[in-house]
Amino acid sequence: MSKYDFLLNQLNPKQDPLSYAFAMQKAASSVGFDWPDIKGVIAKIHEELDELKHEITHGNDQERLQDELGDLLFACCNLARHLNVIPTEALSGTNQKFYRRFNYVETRVVAAEKNFSDFSLKELDSFWDEAKLLETLDGNETI
């Protein structure tokens, strides 16, 4: 019996999960196991989102919810690969954007000498929209 070096066994499973998902998908793609175009990837994301919505509505089993959310994240990672976007960098950028915008919201709350609970979600969301607008005007971000 010959010793076969399985493709995915050649990858480092100890890297962060997002990078590992990206690496597995890239490896599988290298041997032709991939969607022929981005339409298939987007359809898969819709399918996984529908399955997650079904579990949210009809299931509420935490293990199933985690499984379905993981499938959705995996499919989104595949979309990143098809778009030539490194998913960890995309998420890092979004984390920084959230940080800036939330800090703006918090600054508005503190400047009013109030607590978050003193504002409605609609009011807090309007502060968020202000932060987005300011970033756009400053040329730092697109909406």
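A few points about this structure:
- About its Cα centre, region 90-138 has a charge dipole of approximately 160 debye under the convention of +1 per Lys or Arg Cβ and -1 per Asp or Glu Cβ, with nothing else charged.
- Taking every C-alpha pair closer than 8 Å and separated by at least 6 residues, the mean separation divided by the residue count of the chain gives a relative contact order of 18 percent.
- Between 0 and 90°, nearest 10: helix 38-54 axis offset from the chain longest Cα axis: 70
- About its Cα centre, the chain has a charge dipole of approximately 460 debye under the convention of +1 per Lys or Arg Cβ and -1 per Asp or Glu Cβ, with nothing else charged.
- Acute angle (nearest 10 degrees) that the helix 121-138 long axis makes with the longest principal axis of the chain, alpha-carbon atoms: 80
- In the chain, the longest principal axis of the Cα atoms and the axis of helix 87-111 are about 10 degrees apart.
- Estimated FRET transfer efficiency (W35, T94; beta-carbon r; R0 22 Å; 0.05): 0.40
- By the beta-carbon count within 10 Å of each Cβ, the least crowded to most crowded order of F119, F6, fewest first, is F6, F119.
- Dipole of region 1-56, positive direction: furthest Cα of L49, A23, W35, with charges on the beta-carbon: A23
- Read-out percent of Cα pairs over 19 Å apart, derived from the coordinates shown; its label in (i) 68; (ii) 44; (iii) 64: (i)
- The stretch between D138 and I42 holds 31.3 nm of extra length on full extension. This uses 0.36 nm per residue minus the Cα-Cα distance.
- Max-minus-min Cα coordinates of region 90-138 on each principal axis give 33, 22, 18 Å, with the largest extent listed first.
- For the chain: lysine pairs under 19 Å (alpha-carbon distance), excluding those fewer than 8 apart on one chain: 7
- N60/A28 FRET efficiency (R0 25 Å; Cβ-Cβ; nearest 0.05): 0.20
- Region 3-75 - Kirkwood radius from inverse mean 1/r over Cα pairs (Å): 13.9
- Taking the Cα centre of region 1-64 as reference, the dipole from Cβ charges on Lys and Arg (+1) and Asp and Glu (-1) amounts to some 300 debye.
- Neighbour net charge for N60 - beta-carbon separation under 15 angstrom, K R +1, D E -1: -4
- Local electrostatic count at A28 - Lys and Arg +1, Asp and Glu -1, tallied over other residues with Cβ under 12 Å: +1
Every number in this text was worked out from the coordinates using simple rules, so none of it is lab data. Keep in mind that this is a model prediction, so the values were computed, not measured. Heads up, the Cβs are rebuilt from the backbone with ideal geometry, glycines too, and the neighbour counts pull from every protein chain shown.
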